[in-house]
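Each remark here refers to the structure printed beneath this line.
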Amino acid sequence: MGMLALLATIVLVAINPLRQFAQARNSQREANVTAVLDAVGHRLADNRGIFEDATGDCSSTLPGTATQINDTTGYDLRPCLVPTYIAELPFDPSKGTNTCVSTGCSGAGEGYDTAYTLLQNASTSRITVCAPFHQESDLPGSVPFCLTR
């Protein structure tokens, strides 16, 4: 019986499920950041390098400092991208939310907070999307993930 318990402990330590879940969340974050940055890039390509449009739903320029992507206190990116450039905005698997079901995301109880940040460098015009929660306590040495184009 003791030998079986010892073997079970060794297997659990070797598998380390908390580490496996943290790695899975980070993989999802990296895919999400890439998807958001790709959608922004496609919008820029379609509009000859200009992100905003004066007559549409996307009337403000991209932020010059790292700003949370959400519909309340941050930069509302959803009207600029959904559904033309991305089916729906992805969100952080542990900290983000998205309850939008209508096209305008304006129904009762609808809203989103991706838990990702966005910025456009004023001098280079390069766009950066970051996943600050990529730094997982179960993954020593992990750091926030940012992608710039």
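The angle separating the long axis of helix 17-46 from the principal Cα axis of greatest extent in the chain is about 10 degrees.
The label point for D38 and the one for R149, both projected 7 Å from the Cα toward the Cβ, are 0.8 nm apart. GNM on the chain, alpha-carbon springs under 10 angstrom: the most fluctuating residue among P63, P83, P132 is P83. Ligands, DNA and RNA are left out, and with a 1.4 angstrom probe the accessible area of the chain is 58 Å² per residue. Sequentially through segment 97-110, phi angles give Karplus couplings (6.51, -1.76, 1.60; θ = phi - 60°) of 8, 7, 10, 6, 10, 8, 4, x, 6, 10, x, 4, x, 8 Hz, Gly and Pro residues having no value and appearing as x.
Excluding K95 itself, calculate the net charge of residues whose Cβ lies under 11 Å from the Cβ of K95, where each Lys or Arg counts +1 and each Asp or Glu counts -1. Neighbourhood net charge equals 0. Centroid-to-centroid, using Cα positions, segment 113-149 and segment 29-89 are 15 Å apart. Between G56, A24, L44, the Cα set farthest toward the positive side of the dipole of segment 1-81 (charges on each charged residue's Cβ, about the Cα centre) is that of A24. Computed over protein heavy atoms with a 1.4 Å probe, the carbon and sulfur contribution to the accessible area of the chain reaches 58%. Against the longest principal axis of the chain, how steep is helix 2-15, in degrees 0 to 90 to the nearest 10, with axes from Cα atoms? Around 20 degrees separate the two axes. Working note: Debye formula, equal point scatterers on the alpha-carbon atoms of the chain, no solvent; log10 I(q)/I(0) at q = 0.10, 0.11, 0.14, 0.22 Å⁻¹ is -0.42, -0.49, -0.70, -1.42. Remark: segment 131-146, residue by residue, has Karplus-estimated 3J(HN,Hα) of 10, x, 7, 5, 7, 9, 5, 7, 10, x, x, 6, 10, x, 9, 10 Hz, where x stands for each Gly or Pro and the curve is 6.51 cos²θ - 1.76 cosθ + 1.60 at θ = phi - 60°.
The values are calculated or read from the model by the stated rules, or taken from the named source; none is laboratory data. Note that the structure is predicted; figures quoted are calculated from it, not measured. No Cβ is skipped: glycine too gets one built from the backbone with ideal geometry, and neighbour counts run over all protein chains shown. Ligands, DNA and RNA are stripped out before the accessible areas are found, and what is left, the full protein with its side chains, is counted by its heavy atoms. Shrake-Rupley method; radii C 1.70, N 1.55, O 1.52, S 1.80 Å.
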